[in-house]
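Everything on this sheet refers to the single structure shown next.
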Amino acid sequence: MSFIVAIDGPSGTGKGTITKQIAKEMKLTNIDTGATYRCVALAALRKQIPLEEKQRIIDLVDTLSIDMKQEKGNLMIFLNGEDVSKEIRSKEVTSFVPQVSAIKEVRLKMVDLQRKMANGKDVIMEGRDITTYVFPKADVKIYLDATAEERAKRRYKQNKEKGIEMSYEEVKESIEKRDKADQEREMGALTIAPDAVVIDTTNLTIRQVKQKVKKIIQKKQKEIKIKERAYRERPNTKWKLWEQKVIKAFMGALYRLFYRVEIRGEENVAKEGPLIICANHINYLDAAAIVIFTKRKVRFIAKEDLYRIRPLSWLGHIFDVIPVNRGTQDIESMKKCVKALKNGEVLGIFPEGTRKGIARGGKAKTGAAYMALRTGTKVVPVGIAGSFKLFTKVIVTYGKPIDYTEYTSKSPEKETLEKVANEIMEQIIMLTNQGSSCIITKEKNNIS
Ligand code: DC
């Protein structure tokens, strides 16, 4: 899979310079889409095709081979094998290219070429319609902006360095003309994508802009890494089964050392076949308690973020925790849960959604109910009583399995789901209260 950084913005915002430097520093393939249009304009100028002969320009595109190579920080542009890096920046090409790039058929062919150039690579691509049209689903989308005056100043300085003769007024006029052409183009017009990060570069140096862009890219790369890590499943090797056993025994000993653990109703967990274990959620220690003290392997469903923390990520992989992207309809995660139940595994879900969700005024979430009704799996409610303060009592009570097969459906109704979710939660609360009252009574009588 390729990683796409898309950068748009009007001319003179430093897109080219920044993209080139970032490509080199972050080892990304640099694609300057403006250069592809410039190549077409150059080829048309060389063949002396006037703009009126639109079809000839369109046909010409099919005879062109455009290539880019990043060498020592410079982006070299090749047209039919010839290095045209300098020539495509000439005054003639610059004034002809807006008209050429406005031809719809030329754009379609160039967009196709640009997508092919990016295929299978990690790229940074700059232009006018990259975030909106060429790669609307790019991993990173940035819009660079600056006032027309500032952009004209920059371009004027750049031209002088390159020996291009143009007055400041001429440069500014040309920039304003190109802005207008870019924004009014029928296809691929320059606009800000709603999900793009806008950076106003007017008062920033190239270095400052580059740092900002790099930070955005690095953040995204980190997120992708965590996601990949979260969704990488570990095969069930003998070694993994051994790890599960050892960790359960070790953690079990620790729990028993630090808490006075009492397990009730263990017989309610069937020895085989699919099950959904639903418990109350006090803090992170309760999920571990269920994994440790349930005789069977329990696969918890936990938010993706868990995999940001190395040790948790390690444990998550050992116990096949199913990651879920909260705040979205995570279909992938749902499919994994259904598959696990069909395989006869045990799922662990906190219907409260978050720690102390119900106490905080939340409603029971319908995920567990959905799994139960969709797959016809029984639900074992579990009440965990205790505060997890050191050396206090923790009572884990497994309730009787609840059978919802009479409601089994491929697409359960919302009302039924809510009813079932509330019923499961009520059972959990009842079991928790049973445990709590016992802790209080015993403490009162100084028995424990
Ligand atoms: O970025 P540049 O100045 O090299 O772009 C040259 C021309 O190509 C300019 O007129 C805008 C146009 N262009 C476009 O229409 N779409 C793109 N993705 C990139 C550039």
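The values are calculated or read from the model by the stated rules, or taken from the named source; none is laboratory data. Note that the coordinates shown come from a computational prediction; the quantities given were computed from them, not determined experimentally. As a convention, Cβ positions derive from the backbone with ideal geometry for all residues, glycine included, and neighbour counts pool all protein chains shown. Quick note on the areas: whole protein, heavy atoms, side chains included, nothing else; ligands and nucleic acids left out. Shrake-Rupley method; radii C 1.70, N 1.55, O 1.52, S 1.80 Å.
Output the residues belonging to region 167-191 that are more than 14 Å from the ligand (Cβ to nearest atom) and either of a type in the set (Ser, Thr, Tyr) or surrounded by 12 or more Cβ atoms within 10 Å (Cβ to Cβ) (or both).
167, 168, 170, 172, 173
State the number of residues belonging to region 369-411 that are of a type in the set (A, V, I, L, M) and farther than 23 Å from residue 263 by Cα.
Taking region 369-411 and keeping what is of a type in the set (A, V, I, L, M), we get 369, 371-373, 379-380, 382, 384-385, 390, 394-396, 402.
Next, only the ones that are farther than 23 Å from residue 263 by Cα stay: 369, 371-373.
Adding up the residues that qualify gives 4.
Give the residues of region 118-132 that are touching a helix residue (DSSP H, G or I) at 6+ places or on another chain (Cβ under 9 Å), more than 7 Å from the ligand (Cβ to nearest atom) and among the β-branched types (Val, Ile, Thr), sorted by residue number.
Within region 118-132, 123, 124 meet the criteria.
Of everything in region 406-448 that's over 13 Å from residue 385 (Cβ atoms) and of a type in the set (Gly, Ala, Ser), which residue is modelled with the highest pLDDT?
First, pick out the residues of region 406-448 that are over 13 Å from residue 385 (Cβ atoms): 406-427, 444-447.
Filter once more, so that each one left must be of a type in the set (Gly, Ala, Ser): 409, 411, 421.
Working: 409: 92, 411: 91, 421: 96.
Once the filter is applied, the top-ranked residue is 421.
Among the strands (runs of 3 or more DSSP E) confined wholly to region 223-341, which include 1 or more residues that are of a type outside the set (S, T, N, Q) and surrounded by fewer than 19 Cβ atoms within 10 Å (Cβ to Cβ)?
260-264, 298-303
So which residues in region 50-73 are in contact (Cβ under 8 Å) with a residue 40 or more places away in the chain and either surrounded by 13 or more Cβ atoms within 10 Å (Cβ to Cβ) or closer than 26 Å to residue 190 by Cα (or both)?
51, 54, 57, 58, 61, 62, 66, 68, 70
Checking the condition of a type in the set (A, V, I, L, M), more than 15 Å from residue 39 (Cα to Cα) and surrounded by fewer than 17 Cβ atoms within 10 Å (Cβ to Cβ), which residue from 124, 130, 164 passes? Working first, answer last.
Numbers: 124 fails: surrounded by fewer than 17 Cβ atoms within 10 Å (Cβ to Cβ); 130 fails: surrounded by fewer than 17 Cβ atoms within 10 Å (Cβ to Cβ).
Going through 124, 130, 164 in turn, just one is of a type in the set (A, V, I, L, M), more than 15 Å from residue 39 (Cα to Cα) and surrounded by fewer than 17 Cβ atoms within 10 Å (Cβ to Cβ): 164.
Within region 61-72, take every residue that is within 16 Å of the ligand (Cβ to nearest atom) and over 35 Å from the mean Cα position of the chain (by Cα) and give me the one that is nearest to residue 86 (Cα to Cα).
Ranking the qualifying residues of region 61-72, first place goes to 64.
Here's the yes/no breakdown for (1) closer than 16 Å to residue 8 by Cα; (2) part of a loop (DSSP other than H, G, I, E, B); (3) in contact with a strand residue (DSSP E or B) (Cβ under 8 Å, 6 or more places away or on another chain):
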position: 169; (1), (2), (3): no, no, no
position: 181; (1), (2), (3): yes, no, no
position: 189; (1), (2), (3): yes, yes, no
position: 193; (1), (2), (3): yes, yes, yes
position: 204; (1), (2), (3): no, yes, no
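Would you be able to say whether some residue in region 29-49 is among the acidic types (Asp, Glu), open to solvent by less than 30 Å² (accessible area, probe 1.4 Å) and within 33 Å of the chain's Cα centre (by Cα)?
Yes; the residues of region 29-49 include at least one that is among the acidic types (Asp, Glu), open to solvent by less than 30 Å² (accessible area, probe 1.4 Å) and within 33 Å of the chain's Cα centre (by Cα).
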